[in-house]
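The values are calculated or read from the model by the stated rules, or taken from the named source; none is laboratory data. Small disclaimer: the values here were computed from a predicted structure and weren't measured. With ideal geometry, Cβ positions are generated from the backbone for all residues, glycine too; neighbour counts draw on all protein chains shown. SASA here: full protein model, heavy atoms, side chains in, ligands and nucleic acids out. Shrake-Rupley method; radii C 1.70, N 1.55, O 1.52, S 1.80 Å.
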Amino acid sequence: MSGLGKGITMASVGRILKDHGYKIVPIKIDPYINIDAGTMNPFQHGEVFVLADGTEVDLDLGHYERFMDVDLRREHNLTTGVVYSAVIKRERRGEYLGQTVQIIPHITNEIKARIRAVAAKSGADVCLVEIGGTVGDIESMPFLEAVRQMHGEEDENDFLFVHVTLVPTTTQKEQKTKPTQHSVKALRELGLQPDLIVCRGEEALQTGVKEKIAMFCNVRKEAVVSAPDTEDIYEVPLLLEKEGISAYITRKMQLEQLEQSKEDHAWEKMVERRKSRRKSCTVEKIRIAVVGKYAGLEDSYLSIKEALKHAATTLGCEVETRWVEAEVLEVEAEAEVEASFFDGFDGFQGVLVPGGFGVRGAEGKIKAIEYARTRKIPFLGLCFGFQLAVVEAARNLAGLEDVNSSELSAATPHPVVCLLEEQAGVVEKGGTMRLGDYEVFIKKDTLAAKVYEVHGVHGVHGAARVVERHRHRYEVNPAYAERLEQAGVIFSGTDRSGLRKEILEIPATQHPFFLATQFHPEFKSRPNKPSPPFKAFLAACLKNKKN
Ligand code: GLN
């Protein structure tokens, strides 16, 4: 079934192999027809993750980047849309020389060729491929067929097939193997025999249960691996390793044993730090209100949640995110806003307004920003959160009337946030935003310079340069920038030209921490390398709590 943790399993296997010194490369296959995840509703699929090259992808690629500490690109995500459009294009060019173009062999060949090309180019020892969806879905059939063929074409030791399955527990605490037996049967009907079975469940498998799965599913006992629920997803690589997964993989694939000295233990140490902190009763707990639209589904802000965790791990505190539905804040009286903020929640030390689209909930987010600004609560605004902080400043600091973003009100006389110049006339929605890595130049002696620990000695106009990921169609209207700065905010980060605003802040003399970014720093955060804005924000929240 979906939502089982296939992505985390794959990411964890990658991490383990990497820690043992092997070079790895991941590929995610998403059998949906969409070319990429960019047009998909985060409410259904969770967040849209953005790669450095601007490809909008499934959130599993975020897990891969965070777990394996790699930078992925377009070719690392294969969808039905990508494969079919390539084949159809080739057909139009006449490259199939009059043949009837079919799923087998043309689609399956395309899939295999793409997997092999990525693997070859990477120079990796192991290429890991995750096939999204579930066995039996119509959409995933061509992909399963392609890997079935690969099994026959590659050397026996160069191919290993992992099946992730659910082992439910009954109310009598009995672990049931029947669903696993059936899914393996379904795989066998497609000609696929798993080499390794990863069993998801509440608890580790009992010995008898492992033996039963091994026998019925025709694998060795050591190839049945427990993957029990855990409080901390970053612990999964350690849990799998304890089950002997890498020993099995390296033996089965006859990977050369690498020297122990090449092993990396940083991940293990990071997980241990997190664990001891969770158990300690003296650790500071920071509560952050994330004011968003899809607050009902935490997965739509997955990278933000993870980035907060990374910052907390580094700072030695615990973080708890409280998802506040922005629409709830759209009430008139301030007392009510306060009441709904504090409702059932004993205080929070910071407010975060994440990215978003469209008018629903926007006024509630603006209220939350005003609240954080006037009450001097640490604030971090990301993308839409940045744009709305600009609207808030224009309304309440610059005193302009009827201010808005033109995304939210076409008729506003003061569009302080407007469509990017290059977006005029763009009709296609897929992959047309300002996407991926762009450089940001940071002004000297600002909060932003402190956050990024850059000192503005080189670069443009004496500013220092960082690179962050983007995903937006609107921007701060340059015509209003000066007026806003006169009203007390600073645009401390811009593009190379200085016209496109990237970071907004309120000087440290006026506010303990008020920073908003047009980009999405959460996408570059890693467990052992927290994103600078997140780390600085959380540090300010920690200080706020102590005060
Ligand atoms: N809706 C805004 C824009 O398109 C913000 C996008 C975002 O938050 N990712 O510019």
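If you go through the stretch 261-299 and keep only what is at pLDDT 85 or above, among the hydrophobic types (A, V, I, L, M, F, W, C) and buried (at least 16 other Cβ atoms within 10 Å of the Cβ), you end up with Trp267, Met270, Val271, Ile286, Ile288, Ala289, Val290, Val291. Among the residues of the stretch 331-345, is there at least one that is at pLDDT 85 or above and away from the ligand (no atom under 16 Å from the Cβ)? No, the stretch 331-345 contains no residue that is at pLDDT 85 or above and away from the ligand (no atom under 16 Å from the Cβ). Among all positions in the stretch 83-90, there is no residue which is within 21 Å of Val25 (Cβ to Cβ) and open to solvent by 40 Å² or more (accessible area, probe 1.4 Å). Taken together, the residues in the stretch 1-46 that are open to solvent by less than 20 Å² (accessible area, probe 1.4 Å) and on the phi > 0 side of the Ramachandran plot amount to 1. Checked against (1) crowded, with 17+ Cβ neighbours inside 10 Å; (2) within 16 Å of the ligand (Cβ to nearest atom), Ala372 passes all but condition (2). Condition first: within 14 Å of Glu468 (Cβ to Cβ) and of a type in the set (Ser, Thr, Tyr). Now tell me which residues in the stretch 482-500 satisfy that. Once the filter is applied, which keeps residues that are within 14 Å of Glu468 (Cβ to Cβ) and of a type in the set (Ser, Thr, Tyr), the stretch 482-500 yields Ser492, Thr494.
A quick yes/no check of all residues on (1) under 27 Å from the mean Cα position of the chain (by Cα); (2) more than 20 Å from Val25 (Cα to Cα); (3) open to solvent by 30 Å² or more (accessible area, probe 1.4 Å):
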| position | (1), (2), (3) |
| --- | --- |
| Arg116 | yes, no, yes |
| Lys121 | yes, no, yes |
| Cys127 | yes, no, yes |
| Thr134 | yes, yes, yes |
| Ser140 | yes, yes, no |
| His151 | no, no, yes |
| Leu166 | yes, yes, yes |
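When you check Leu408 against the structure, is it within 24 Å of Glu505 (Cα to Cα) and touching a Gly at 6+ places or on another chain (Cβ under 6 Å), yes or no? It is false that Leu408 is within 24 Å of Glu505 (Cα to Cα) and touching a Gly at 6+ places or on another chain (Cβ under 6 Å).
Is it the case that Ala463 is over 22 Å from Phe357 (Cβ atoms) and more than 16 Å from the ligand (Cβ to nearest atom)? So Ala463 fits the description; yes.
Selection within the stretch 224-256: residues that are among the acidic types (Asp, Glu) and in contact (Cβ under 8 Å) with a residue 12 or more places away in the chain. The member of this set that is surrounded by the fewest Cβ atoms within 10 Å (Cβ to Cβ) is Glu231.
Has the stretch 352-365 got at least one residue that is open to solvent by 20 Å² or more (accessible area, probe 1.4 Å), away from the ligand (no atom under 16 Å from the Cβ) and on the phi < 0 side of the Ramachandran plot? The answer is no, given that none of the residues of the stretch 352-365 is open to solvent by 20 Å² or more (accessible area, probe 1.4 Å), away from the ligand (no atom under 16 Å from the Cβ) and on the phi < 0 side of the Ramachandran plot.
Between Gln486, Gln518, which is within 28 Å of the chain's Cα centre (by Cα) and within 18 Å of Val391 (Cα to Cα)? Criteria check complete, one pass: Gln518. Consider the stretch 490-508 and keep the residues that are modelled with pLDDT of 95 or more and among the polar types (S, T, N, Q). The one that is surrounded by the most Cβ atoms within 10 Å (Cβ to Cβ) is Ser492. The residues of the stretch 470-489 that are surrounded by fewer than 19 Cβ atoms within 10 Å (Cβ to Cβ), more than 12 Å from Gln518 (Cα to Cα) and within 16 Å of the ligand (Cβ to nearest atom) amount to a single one, Pro478. Considering only the stretch 399-416, I want to know if a residue exists there that is under 27 Å from the mean Cα position of the chain (by Cα), closer than 30 Å to Val82 by Cα and surrounded by 21 or more Cβ atoms within 10 Å (Cβ to Cβ). Looking for residues that are under 27 Å from the mean Cα position of the chain (by Cα), closer than 30 Å to Val82 by Cα and surrounded by 21 or more Cβ atoms within 10 Å (Cβ to Cβ), one finds none in the stretch 399-416, hence no. Checking Glu392 against (1) assigned to a loop (DSSP other than H, G, I, E, B); (2) within 16 Å of the ligand (Cβ to nearest atom); (3) acidic (Asp, Glu), only one condition comes out false. Which one? Unmet condition: (1). Every listed requirement among (1) in contact (Cβ under 8 Å) with a residue 24 or more places away in the chain; (2) assigned to a loop (DSSP other than H, G, I, E, B); (3) β-branched (Val, Ile, Thr) is met by Val291 save one, (2). Restricting attention to the stretch 168-210, which residues are within 21 Å of Ile249 (Cβ to Cβ) and either surrounded by fewer than 16 Cβ atoms within 10 Å (Cβ to Cβ) or touching a His at 6+ places or on another chain (Cβ under 6 Å) (or both)? Of everything in the stretch 168-210, those that are within 21 Å of Ile249 (Cβ to Cβ) and either surrounded by fewer than 16 Cβ atoms within 10 Å (Cβ to Cβ) or touching a His at 6+ places or on another chain (Cβ under 6 Å) (or both) turn out to be Gln193, Pro194, Ile197.
Of the residues making up the stretch 489-512, just one is outside any strand (DSSP E or B) and touching a Phe, Trp or Tyr at 6+ places or on another chain (Cβ under 6 Å), namely Ile506. Looking across Val426, Val454, one residue alone is aliphatic (A, V, I, L, M), within 16 Å of the ligand (Cβ to nearest atom) and at pLDDT below 95. It is Val426.
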